[in-house]
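Bear in mind that the values in this text are calculations on the coordinates, not laboratory data. A quick note: this is a predicted structure, and the numbers were derived from the prediction, not measured. Heads up, the Cβs are rebuilt from the backbone with ideal geometry, glycines too, and the neighbour counts pull from every protein chain shown.
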Amino acid sequence: MDPIINLIIFSCLGVAMLALSIMAVTSKSLLRSATYLLLVLLCTAGFYLFLNYHFLAAVQVSVYAGGVVILFIFAIFLTTSKGEVLLKHQTRRYVFGFLGVVAGIGLTAFVLFKHQFLYESNTSMVGDQEISMSLIGQTLMGTGKYQYLLPFEVLSVLLLACIIGGILIARKK
């Protein structure tokens with residue numbers, strides 16, 4: 001693809017993700033915040049597609065956008081009354097939040113400018129190469145070094161605990 005088109009796509013995704021993130025944090029409605037979060041996660045999947053990581057894009061859409069955000073929306077519906085809006089915070093919280101954002105941007109910029117990335121020194125790494133699905137499956141379900149069966153099972157137990165917690169909150173008796 002043309003480098004100018006790549007830059008335009010990257011810029012559009014970045015601006016959309018930034019605007020939707022700000023809208024998710026500043027919205028007065030919990031349901032709108034969850035919807036903006038869903039759109040931010042879809043923009044993240046767009047970045048993965050832009051980098052030719054098709055598997056990660058599919059996981060992003062199915063697990064996070066399709067699962068976690070829907071769980072958030074169900075929790076919002078079960079725990080809030082109709083028309084409830086969020087309370088406005090004190091100015092002090094906005095100041096601390098802004099200072100936290102500036103510190104995060106400073107730390108990220110420091111790491112980006114001081115760290116030498118692998119692709120700068122290794123010209124054989126091409127973005128169009130993709131890892132095979134069988135290797136991804138063996139890595140996810142393996143028990144050896146750099147394999148992820150235990151974190152995968154811990155995550156399933158965590159999601160089960162979230163579902164049980166949602167049921168207990170919904171019961172209210």
| Principal-axis tilt of helix 149-171 within the chain, Cα atoms, nearest 10 degrees | 20
| message | Suppose the chain between residue 81 and residue 4 were pulled fully straight at 0.36 nm per residue; how much longer would it get relative to their current alpha carbon spacing? | response | 22.9 nm
| query | Which angle from 0 to 90°, rounded to the nearest 10, does the C-alpha axis of helix 69-79 make with the longest principal axis of the chain? | reply | 10
| task | Place +1 on the Cβ of every Lys and Arg and -1 on the Cβ of every Asp and Glu in the chain, take the dipole about the Cα centre, and give the residue among 91, 15, 56 whose Cα lies farthest towards its positive end. | result | 91
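Please return the longest range in the chain lying between exposed loop sites, taking chymotrypsin sites (Phe, Trp or Tyr not before Pro), DSSP loop only, at most 10 other beta-carbon atoms within 10 Å, and leaving the sites out. Please report the intermediate quantities before stating the final value.
Working: sites that count: 117, 146.
Value returned for the longest uninterrupted segment is 1-116.
Work out the length of the dipole vector of the chain about its Cα centre, built from +1 on the beta-carbon of each Lys and Arg and -1 on the beta-carbon of each Asp and Glu, and round it to the nearest 20 debye.
Details: 11 positive and 6 negative charges, 240 e Å.
Dipole size: approximately 1160 debye.
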| task | Arrange the following residues from fewest to most other Cβ atoms within 10 Å of their Cβ: 29, 81. | result | 81, 29
| Which distance in nm do the two modelled labels at residue 103 and residue 21 give, with both placed 7 Å along the Cα-to-Cβ direction? | 1.7
| query | Picking from 66, 78, 37, whose Cα lies most toward the positive end of the charge dipole for the chain (charges on Cβ: Lys, Arg +1; Asp, Glu -1)? | reply | 78
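According to the Cα gyration tensor, what semi-axes, each the square root of 5 times an eigenvalue, does the equivalent ellipsoid of segment 1-87 have, listed from largest to smallest in whole Å?
Values: eigenvalues 172, 52, 6 Å².
Output for segment 1-87: semi-axes of 29, 16, 5 Å.
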| request: Quick one: angle between helix 3-26 and the longest Cα principal axis of the chain, in degrees between 0 and 90, rounded to 10, please. | output: 20
| message | Would the chain count as rounded, prolate or oblate if I go by the C-alpha gyration tensor, calling it rounded below 1.5 in a/c and otherwise prolate when a/b exceeds b/c, oblate otherwise? | response | oblate
